[in-house]
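Novice: Questions regarding the structure given below will be posed in turn.
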Amino acid sequence: MTPFELAEPTSLKEAIKLLDPDDPTIRPVGGGTALMLMMKAGVFKPVKLISLRRIENSYSTIAATGDGLRIGAMTTLAALERSADVKKAAPLITRTLKTLSNIRVRNVATVGGALAHGDPHMDLPPVLMALGATLTVMGPKGERKLAVEDLFAGYYETVLDKDELIAEAHVPAHGTKKAAYMKVTTGSADDWPALGVAVVLEGDAGGIKSARIVASAATDKATRLKSAEAALIGGKVDDTLLAKVGDAAADEAEYIADVRGSISYKRELMRVYVRRAVRAALEGAK
Amino acid sequence: MATTTQDAAKVGAQVGRSVQRLESREKVTGRAEYTHTMRLPNMLHAKMFRSTVAHGRIKSIDTSAAKKVPGVLHVITIDDVMKVIPNPYYGPAFHDQPILAHEKVRFVGEPVAVVLAADPHVAEEAAQLITAEYEELPPVFDEVDALTSKVYVHDELKPAGTFADLKHLKDAKNTNMALDYRLRKGDVDKAFAGAAHVFEHEFKTQKVLHLSFEPHATIADYRDTGVTLYTASQGPSFVRTEIARLLGWPENKVRIKVPFLGSGYGSKLYIKLEALALALSMIARRPVKVALTFEEMFYQITKHPCTFRIKSGLDKDGRIVARKCEVFWNGGAYADIGPRVTQKSGLTATGPYEIDNVSIDSYALYTNVTPAGALRGFGVPQLVWAYEGHTDMIARALKMDPVAFRRKNLLREGRPHATGTILKDAATEKVLDKLVERMNWSQPFDNGSGTVKRGRGLGIAIKAVITPTTSVAIVNVSGDGSVTLYCGTSDMGQGSDTAMAQMVGEVLNIPTESVRVTPRDTDVTPYDMGTLGSRSLFHMGHAVQRAAEHARDQLKALAREVGEPENSNTPIRELFVKRYGMQAGNVIGTGVFKPDYVPPAPGTGLSDNVTAFWMISGAGAEVEVDTETGHVKVTRLVNVLDIGKAINPQVVESQISGAASMQIGFTMFEKMHLDGGQVTNASLADYKIPGFHDIPPMENITVDTYQSNGPFGAKGVGEVATFCVSPAIANAIDDAVGVRLMELPLNPETVFRAIRAKAGQPLGDE
Ligand SMILES: Cc1cc2nc3c(=O)[nH]c(=O)nc-3n(C[C@H](O)[C@H](O)[C@H](O)COP(=O)(O)OP(=O)(O)OC[C@H]3O[C@@H](n4cnc5c(N)ncnc54)[C@H](O)[C@@H]3O)c2cc1C
């Protein structure tokens, strides 16, 4: 790792001012767990990092709102994991975090970093996307709302401008919806996923009224599988229907090959795990 | 805390006690010293610029931009090194490795130039500004190709002549073969011709990393009067010899200090960064630290990938009458200890079976990848992977129970091993019996239904300890009666300091906890071959026992001399006071151990005393295979071992579970992915080792044995539990889903592809 300058502004506004829309060597840093990997590998050599560690405390807090949760972007994944409010409103998040990386990483990694990195292998983005979460994004021109679904532009790419910051996430409560996330690893148990599948459903085994199915890791970005969703809606959920849903997902997704698996293999994982995730959601995943 | 340990510290019966590790308090409170965190005043840091091509002639190296970086003191290439060390080649078996790339580069990641700066980040930044031009040469990567390839990694081979057992190596040209070990017994061709069944299979293992928790690190402090190296080494004595040779100095001007190691597993054996650190300190005339990052370890040393062609002939009753083994070891660009791995493991390639007609060829081969060396098992896990898979496949083909087939062919106590050495203190039968009992093998097994299938499998293995090797120890009793042990065994987490102290305590009848074991320092600790191949407890243990007995005998003489009655319990301090008129003097006990050995006869490889002791282990696995995805869950792992008498049962237990866990990683998913010689997953983000969730429920059992020529009946345990894990799991997968995997790792995609291929629906290559 080579030397760089570190700024520690005390407000989000100030942090935005320190960013430069045209200079990729100036970057915000949350927990630094993703950036450091790139810096150690020499893929990213920053001139200046803008740490968000000292910005207003409110961006590190979680609050229950009438219809869900407001989560500050600087909230650590460990705080999210342990929050009673999160467990109550969106237990899928709590369950997901248990197998996300390891406690050392979760203690410092932030919600904003997990989203803004645009890394398709992360577990939180597909879950937030399936839950229909939205973001408050702040930039020099003020704030805008952005659905997590619209955040990702490609492999390690987001639609954020270089001088925009994620300020907070808003997660609707599960309510009567049923949800599951399945992380499929092909290396060690705490490896990054080869495939992540998040499913949020309304209805029951007699018939699904609405569905959001999101795949990640095997794909170049977290992606909603709309033909699989369509295949699921309406009919009685049995083996035949689930097989159709799995096949639709397998055909629809676009895959990337890497050390965690070939394209052909990931397609088969998709076929199986979309099915399993729907069933897990209906059966009430623990 | 201190009082409870004292309470536990009973006098007598030190051997066999689960003494808490002597250094554990220092380690968990962060006080223990490691080379990686050590700093010397005025010290410089080195950062390397590494080759990006697998094989090429160096046309030019441009260091100009690096030199301009503020804070950079030196940018060094081999030309600078040769001004201080004219012949800059080192290595244990061959003097084939240049301190920095010389004329050629031979693997991606080979160090080509080094930047020195007081600030390691400055050095790193500057190293990234170095460029080199190469005339690329065709590379050779595969070990089987390397045998016949016209691409030669080295123009000429230069044997080092260090080891008694490698004295026969000769200079050679136009070959990639560093060593060809042969064993010939009986008449294999004739036996195959008369065999009722012949089976031939080829097994492969992948390239994996030791991944010691503390990366390699060395600090050299060179003065005209002498040089001191602080280094994370498993073999300080060898480092001293090699550094003295490079300098043309007597060994007494070279001092090697080794604090605790954050593990080694064979990666820190012989000589690694020490030669480079020495050269850099000579040039800078300041202490220089060379410390690798985790990522750089992928370019230092790895385990040998291996291709093993194994062929067996059987008579109509299922007795193996002939076995032919051809083993190709992918040694990478520099021989390191590969030739010794090739020979020492090669001799057990036929496994723990009694076979009258045997032919073994074991080849150490140079290739254009990161060098390979010893890794927890010294080559034996690669062999067992093949011969225990082969054994199961034969049993299946003959419709014999795999246990009954093994029993029929088992090499038993008192019978001759393929080398001609009679098997002694090698509990093959007991191990197999215990394993079968614990696995409830005679009971029917539920193979599962639906999409999850269950299976069970086992394996049994033999290893010969590397022989001959020497250990020397000193036990010093001070005037106050306190006792210090000087021994060169590197405690890298295996608990050797504690075990050695237990042996001293046993002989001198004092609590283990009162014995101090000095940190390794070649100025004071005597010679030892190295902490390798499960040899230390046996060899150094003997030396320690002898040194303690020598001290005890002198104390007895001292007592007689000062007029104490036989067996009086006068404190030792009072003996010294009586003898010297005050608290003064020492008693120094010394012990040396080198086992008897008969070198393998040239041509046949036969010897009637090829090893100081045998290691025997077995493993059994039960698995669940998800047939829809290929995921394998090991639901039970039983390890059964013959380790002689346990000096410290708790340390034995952790060695067994540690070794088996490590092998779980090598079995299930660890793999260095290579593309054109470039490691594509050279970081911990993409190269995963097992975490707690990957460790199956394990049962570790040692059978009741006593090593008759061992210190207190003991022998080595560090590697033994690695041997059978891989084939036991592959055999269990075959039992579950009827597919046979011939190459490690057994990752889900590999298993899934095999399942689909068997069903006649092979998965596409996309
Ligand atoms: C060993 C290891 C294993 C891991 N395993 C997993 C795993 O199994 N599953 C998983 O999901 N993840 C895993 N991770 C990834 C981890 O979840 C991410 O690294 C982490 O979420 C990133 O958060 P951070 O705050 O550290 O991001 P940083 O490294 O600080 O930043 C990441 C990116 O986001 C930008 N950024 C940060 N905050 C903001 C903001 N508020 N607004 C706009 N941009 C911002 C930065 O500029 C940078 O580009 C693993 C990481 C490690 C190191």
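FYI, it's all coordinate maths here, none of it is from the lab. Keep in mind that this is a model prediction, so the values were computed, not measured. Neighbour counts are summed over all protein chains in view; Cβ atoms, including those assigned to glycine, are modelled from backbone coordinates with ideal geometry.
Novice: Give the distance, in whole Å, between the Cα centre of the stretch A:124-155 and the Cα centre of the stretch B:610-661.
Specialist: Comparing the Cα centres of the stretch A:124-155 and the stretch B:610-661, I get a distance of 49 Å.
Novice: Roughly how many whole Å is it from the C-alpha centroid of the stretch B:663-726 to that of the stretch B:11-39?
Specialist: 23 Å
Novice: For the stretch B:631-766, what relative contact order do you get, as a whole percent, if you take Cα pairs closer than 8 Å and at least 6 residues apart?
Specialist: Numbers: 169 pairs, mean separation 50.9, N = 136.
Relative contact order, the stretch B:631-766: 37 percent.
Novice: Using a simple spin-label model with points 7 Å from Cα along the Cα→Cβ vector, what separation in nm is obtained for residue B:356 and residue A:107?
Specialist: 6.6 nm
Novice: Of all beta bridges DSSP finds with both residues in chain B, what is the antiparallel percent, to the nearest 5?
Specialist: Details: 103 of 131 bridges.
Taking every DSSP beta bridge with both residues in chain B, the antiparallel ones total about 80 percent.
Novice: R0 = 30 Å: FRET efficiency of residue A:61 with residue A:161, Cβ-based, nearest 0.05? Intermediate values should be presented prior to the final figure.
Specialist: On the way: r = 26 Å, r/R0 = 0.85.
Once the sixth-power term is evaluated, E becomes 0.75.
Novice: Quick one: which residues, 5 or more positions from residue B:132 or on another chain, have an amide H under 5 Å from its amide H? H modelled 1.01 Å from N in the peptide plane, none for Pro or chain starts.
Specialist: B:62
Novice: Please turn the phi angles of the stretch B:136-146 into ³J(HN,Hα) values with the Karplus equation 6.51 cos²θ - 1.76 cosθ + 1.60 (θ = phi - 60°), one per residue in order, whole Hz, x for glycine and proline.
Specialist: Result, ordered by residue: 6, 10, x, x, 10, 10, 8, 5, 6, 4, 4 Hz.
Novice: Once R0 is set to 60 Å, what does the formula 1/(1 + (r/R0)^6) return for the Cβ-Cβ distance between residue B:251 and residue A:78, expressed as a FRET efficiency to the nearest 0.05? Kindly include the intermediate steps, with their values, before the conclusion.
Specialist: Numbers: r = 53 Å, r/R0 = 0.89.
After rounding, the FRET efficiency stands at 0.65.
Novice: Distance check, please: which entries in B:104/B:173; B:47/B:253; B:68/B:289; A:45/B:688; B:83/B:272; A:178/A:226 exceed 23 angstrom between their Cα atoms?
Specialist: Over 23 Å apart, Cα to Cα: B:47/B:253; A:45/B:688.
Novice: Related question: When DSSP assigns beta bridges and you keep just the ones with both residues in chain A, what percent turn out antiparallel, to the nearest 5? Present the calculation step by step, with values, prior to reporting the outcome.
Specialist: Numbers: 42 of 50 bridges.
Given both bridge residues lie in chain A, the antiparallel proportion sits at roughly 85 percent.
Novice: Amide H of residue B:262: which non-local residues (sequence gap of 5 or more, or other chain) have their own amide H closer than 5 Å, using H built in the peptide plane?
Specialist: The list, which skips near neighbours in sequence, is B:214.
Novice: I've got another one for you. How large is the helix-only mean residue ellipticity at 222 nm for chain A, computed as the sum of -39500 (n - 2.57) over DSSP H runs with n ≥ 4, divided by its residue count, in deg cm²/dmol to the nearest 500? Each step should come with its number before you reach the end.
Specialist: Details: 11 runs with 96 residues, N = 286.
Helix contribution divided over all residues of chain A: -9500 deg cm²/dmol.
Novice: Please give the calculated 222 nm ellipticity per residue for chain B, where each DSSP H segment of at least 4 residues contributes -39500 (n - 2.57) and the sum is spread over every residue; nearest 500 deg cm²/dmol? Don't jump to the answer; show the numbers that get you there.
Specialist: Numbers: 19 runs with 205 residues, N = 766.
When only DSSP H runs of four or more count, the value is -8000 deg cm²/dmol.
Novice: Hey, what do the phi angles of the stretch A:133-145 turn into as Karplus ³J(HN,Hα) couplings, whole Hz, using 6.51/-1.76/1.60 and θ = phi - 60°, x for Gly and Pro?
Specialist: Ordered by residue, 3J(HN,Hα) equals 6, 10, 10, 9, 10, 10, x, x, 8, x, 10, 9, 9 Hz.
Novice: Would you please give the residues with an amide H less than 5 Å from that of residue B:715, counting only those at least 5 places away or on a separate chain, with H modeled from the backbone geometry?
Specialist: B:645
Novice: Hey, how much of the P(r) for the protein assembly as shown falls beyond 44 Å, as a percent of Cα pairs? Spell out each step's value before the answer.
Specialist: Numbers: 230752 of 552826 pairs.
The answer is 42 percent, as a whole percent.
Novice: State, to one decimal in nm, how far the label point of residue B:424 lies from the label point of residue A:226, with both points 7 Å from Cα in the Cβ direction.
Specialist: My value for the distance between the label points is 8.0 nm.
Novice: Let me ask something else. Length gain on complete extension for the stretch residue B:52 to residue B:653, per 0.36 nm per residue less the alpha carbon to alpha carbon distance?
Specialist: On the way: separation 601, 0.36 × 601 = 216.36 nm, distance 4.32 nm.
Here the answer is 212.0 nm.
Novice: Could you work out the percent of alpha carbon pairs in the stretch B:62-220 separated by over 22 Å, rounded to a whole number? Don't jump to the answer; show the numbers that get you there.
Specialist: Values: 7948 of 12561 pairs.
Within the stretch B:62-220, distances greater than 22 Å cover 63 percent of Cα pairs.
Novice: Which of the chymotrypsin sites (Phe, Trp or Tyr not before Pro) found in the stretch B:439-493 are loop residues per DSSP with 15 or fewer other Cβ atoms within 10 Å of their Cβ? Please report the intermediate quantities before stating the final value.
Specialist: Details: sites: B:441, B:445, B:486; in loops: B:441, B:445.
Here the sparse-neighbourhood loop sites are B:445.
Novice: Turning to a different aspect of this structure: Which ³J(HN,Hα) values in Hz, rounded to whole numbers, follow from the phi angles of the stretch A:157-164 under the Karplus curve 6.51 cos²θ - 1.76 cosθ + 1.60, where θ = phi - 60° and Gly and Pro get x?
Specialist: 10, 10, 8, 5, 6, 5, 10, 10
Novice: For chain B, which DSSP H helices look membrane-span-like by this rule: Cα extent along the axis of 20 Å or more and mean Kyte-Doolittle of at least 0.0?
Specialist: Span-like helices here: B:380-397, B:649-668.
Novice: What does the net charge come to around residue B:543 if you take all other residues with beta carbon closer than 12 Å to its beta carbon, with K and R at +1 and D and E at -1? It would help to have the intermediate numbers written out before the result.
Specialist: Numbers: positive: B:535, B:546, B:594; negative: B:528, B:549.
Its environment carries a net charge of +1.
Novice: Near residue B:523, within a Cβ-to-Cβ distance under 12 Å, what is the net charge of the other residues, with Lys and Arg +1 and Asp and Glu -1?
Specialist: Neighbour charge sum, excluding residue B:523 itself: +3.
Novice: When the Cα centres of the stretch B:320-380 and the stretch A:3-57 are compared, how far apart do they sit, in Å?
Specialist: That distance is 51 Å.
Novice: Moving on to the next point. Please report the antiparallel percentage of DSSP beta bridges with both residues in the stretch A:143-278, rounded to the nearest 5.
Specialist: Working: 21 of 22 bridges.
Taking every DSSP beta bridge with both residues in the stretch A:143-278, the antiparallel ones total about 95 percent.
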